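Notes for the one structure printed next.
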Amino acid sequence: MTESPYNSTVIGKILLTPDLLVLRLSTDEPRKQFKAGQYTTIGLLSQEQRSPNSVMPLESMASDILIKRPYSIASANYDTTEFEFYISQVKSGQLTPRLFNLSLGRRMWIDDKILGVFTLDNVPDNCNIVMIATGTGLAPYMSFLRSHLASHLNTKLAVIHGAGYPWDLGYFSELTLIQNTFKNFFYFPTLLRADQNWTGLTGYIEKHLEDEILPNKAGIEIDPSKTHFFLCGNPKMVESVSAYLNKHNYIKHCKDNQGSLHIEEY
């Protein structure tokens, strides 16, 4: 009998919509301390059943293949045995439909390596932090806030999150609670398909930046010496927001260039 590769247990599953999931895992062994914003790889065997509302992919797989994909960690960096992930179902994908079909107590695989440079390491202590995301690109920012909010009380932090409908705003309640609790935190959800019941922001993120929502509503200057920006999500959003910031002298941070614009590539 082939030994199972599984090394973790599903301890939480919140199905926000039929295609949006918060998944919590408990590992058999603790992982090493990691940095908020990093990612790890999770997986399931191809023999696992798919969710009822998925679409069968064109490509078939042998039943003993471990399907693996990287995901940003949404949980706090001080917990090294329980991990949270914010996942969108790709209906014709190989892994996510199987993840959406999991139930509490089920077993799965999680890598023992935690990687990535999309962290706060290169943000000076006196700088504001603006975190911009679409969809599940919000995940690393939840780790930022859960790990570091208490240590950033003397600077301003903001999350701008773009989604389609109100039910696509994962972590809305938690982010609203943080905003009501911490005077230095600002939350700006914006919807593209809002109905008349939505009283918040609508439209694309770059529109709100051009309308100077950050200086006007949060007192955050668009200045690379004072504010660092993080971008994670739809490539078109990343491109358009980067173009806006480039006009304000922002430079993309990389190993050889210490800029104030940090982009998670995926």
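The values are calculated or read from the model by the stated rules, or taken from the named source; none is laboratory data. In this text, all values refer to a predicted model and were calculated from it rather than measured experimentally. Every residue, glycine among them, receives a Cβ derived from its backbone with ideal geometry; neighbour counts consider all protein chains shown.
So the values come out like this:
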| item | result |
| --- | --- |
| Residue that is in contact with a helix residue (DSSP H, G or I) (Cβ under 9 Å, 6 or more places away or on another chain) and not polar (S, T, N, Q), where the choices are Phe118, Phe144 | Phe118 |
| Hey, Met61 modelled with pLDDT under 95 and either over 17 Å from the mean Cα position of the chain (by Cα) or more than 22 Å from Cys232 (Cβ to Cβ) (or both) or not | yes |
| Close pairs (7 angstrom Cβ cut-off, 6 or more residues apart or separate chains): not assigned by TED's automatic domain parsing to the domain that holds Cys232 in region 199-216, part of a helix (DSSP H, G or I) anywhere | none |
| Region 169-189 residues that are surrounded by 16 or more Cβ atoms within 10 Å (Cβ to Cβ) and of a type in the set (Ser, Thr, Tyr), paired with ones that are at pLDDT 95 or above and part of a strand (DSSP E or B) (beta carbon under 7 Å, 6 or more apart) | Tyr187/Val159 |
| Selection within region 54-79 - under 15 Å from Leu95 (Cα atoms) and either exposed (fewer than 12 other Cβ atoms within 10 Å of the Cβ) or among the aliphatic types (A, V, I, L, M) (or both) | Val55, Met56, Leu58, Glu59, Ser60, Met61, Ala62, Ser63, Asp64, Ile65, Leu66, Ile67 |
| Matching residues, region 30-47, being more than 16 Å from Ser72 (Cβ to Cβ), out of contact with any Asp or Glu (no Cβ under 8 Å at 6 or more places or on another chain) and outside any loop (DSSP other than H, G, I, E, B) | Leu44 |
| Test for Thr27: is it surrounded by 19 or more Cβ atoms within 10 Å (Cβ to Cβ) and touching an Asp or Glu at 6+ places or on another chain (Cβ under 8 Å) | no |
| Matching residues in region 112-142 - criterion: being among the polar types (S, T, N, Q) and under 12 Å from the mean Cα position of the chain (by Cα) | Thr134, Thr136 |
| Selection count where residues are without any contact (Cβ under 8 Å) to a residue 40 or more places away in the chain and part of a strand (DSSP E or B), scope region 48-67 | 1 |
| Every pair of residues 6+ apart whose Cβ atoms lie under 6 Å, when the first sits in region 1-22 and is at pLDDT below 95 while the second is surrounded by fewer than 16 Cβ atoms within 10 Å (Cβ to Cβ) and among the aliphatic types (A, V, I, L, M) | none |
| Every pair of residues 6+ apart whose Cβ atoms lie under 6 Å, when the first sits in region 145-160 and is within 13 Å of Gly219 (Cα to Cα) while the second is among the polar types (S, T, N, Q) | Thr155/Asn128; Lys156/Asn128; Lys156/Asn184 |
| Any hit, region 90-113, residues being of a type in the set (Val, Ile, Thr), surrounded by fewer than 19 Cβ atoms within 10 Å (Cβ to Cβ) and in the same structural domain as Arg50 (by TED's automatic domain parsing) | yes |
| Condition check for His148: surrounded by 20 or more Cβ atoms within 10 Å (Cβ to Cβ), outside the structural domain of Pro18 (by TED's automatic domain parsing) and at negative phi | no |
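Here is a yes/no grid of residues against (1) of a type outside the set (Asp, Glu); (2) out of contact with any Leu (no Cβ under 7 Å at 6 or more places or on another chain):
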site	(1), (2)
Leu192	yes, yes
Leu209	yes, yes
Ile213	yes, yes
Ile251	yes, no
Asp256	no, yes
Gly259	yes, yes
